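To keep things clear, I will list the structure first and then write my remarks on it.
Taken together, the values in this text are just the output of simple stated rules run on the coordinates, not laboratory data. No experiment lies behind these values; they were computed from the predicted model shown. No Cβ is skipped: glycine too gets one built from the backbone with ideal geometry, and neighbour counts run over all protein chains shown.
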Amino acid sequence: MPEGDTIWRLSERLQPLVGRVITHSDFRIAPLATASLTGECIDRIWPYGKHLYWQCGERILHTHLLMDGEWRIHSMGRRWSKPAHTARLVVHVDGVELVGHDLGVVELWPAQQYGQRTAHLGPDLLAPEWADTGRDEAIARIVSHPGRTIGEALLDQRNLAGIGNEYRAEVCFLKGLHPAAPVSACDVPAVVDLAAKLMRDNRHRVKRTFTGDERENTFVFGRRHRPCRRCGTTIESSTLGGATSVADPEAGRERIIWWCPACQPLS
């Protein structure tokens, strides 16, 4: 599940490209069919929540994986491991071929628009400034809507950037909160601190884990009708509204929630 730690690791993998020149680009989406980054130097690559940005000269390339997207890195001439029709963007740099398969968002816009286009996003849990300013801002944004469910608040990228459905499910379990509990009934600073700690701990792991065991790495996420690892009660699932910001590519989607009725009662 691509969440903030996934994009952070992807950005780290791509750092060797910074300072190098793009020798070929191929946008395979209609709005950018004639666009090209060939000849541009990659000045910077960075994550912001679930979004990945490349600054290439005076333009910024923005991609978002949504549910199924991924970047694959190959040596030139190597056979692709995924079908060619799933490629949305192909980039060549110094004998390396990068292929963005099933990307949910591919955009190219002037670099000076970055502030405007990211203004809707809340603080990034993995940003260097999280401890100084981001944490308090995220908490303030969440508590400003006390009647909203904690599950919806955590998933809203306007509150804090990077949390997806897996983190939401596991954070709520570990804090003993039903995802549909109102924000007013939750210790929001503790919830936010746990989310940030888990994501920071996981960003260096190949396989994300919430249990400490990579073989059985989640407590409730994806475990409907299976026994709770803590008390043995059968895990239940339902749906809950997703993010609501029109600027969020995941807006308007109901998302599955999982919970243990014993460990996370909805009172």
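What the table below lists for this structure:
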{"read-out": "Whole-Hz ³J(HN,Hα) from phi, Karplus 6.51 cos²θ - 1.76 cosθ + 1.60, for segment 181-186, glycine and proline x", "value": "5, x, 3, 4, 9, 10"}
{"read-out": "Within segment 28-111, trypsin sites (Lys or Arg not before Pro) in DSSP loop having at most 13 other beta-carbon neighbours inside 10 Å", "value": "ARG78, ARG79"}
{"read-out": "Kirkwood hydrodynamic radius (C-alpha pairs) into Stokes-Einstein, the chain, 37 °C and 0.692 mPa s, D in µm²/s", "value": "167"}
{"read-out": "Helix-only CD estimate at 222 nm, as mean residue ellipticity for the chain, using -39500 (n - 2.57) per DSSP H run (n ≥ 4)", "value": "-6000 deg cm²/dmol"}
{"read-out": "Cα convex hull of segment 39-173 - mean projected area over all directions, nm²", "value": "10.2"}
{"read-out": "Estimated D of segment 64-142 in µm² per second, where Rh is the Kirkwood radius over Cα pairs and Stokes-Einstein applies at 25 °C, 0.890 mPa s", "value": "159"}
{"read-out": "Nonlocal amide H pairs with ARG28, under 5 Å, H built at 1.01 Å", "value": "LEU89, VAL90"}
{"read-out": "Filtered trypsin sites (Lys or Arg not before Pro), segment 99-142: DSSP coil and at most 13 other beta carbons within 10 Å", "value": "none"}
{"read-out": "Segment 124-262, relative contact order in percent, only Cα pairs under 8 angstrom and at least six apart counted", "value": "23"}
{"read-out": "Phi-based couplings in Hz for segment 149-163 (Karplus 6.51, -1.76, 1.60; Gly and Pro marked x)", "value": "6, 5, x, 5, 4, 5, 7, 6, 5, 6, 8, 7, 9, x, 7"}
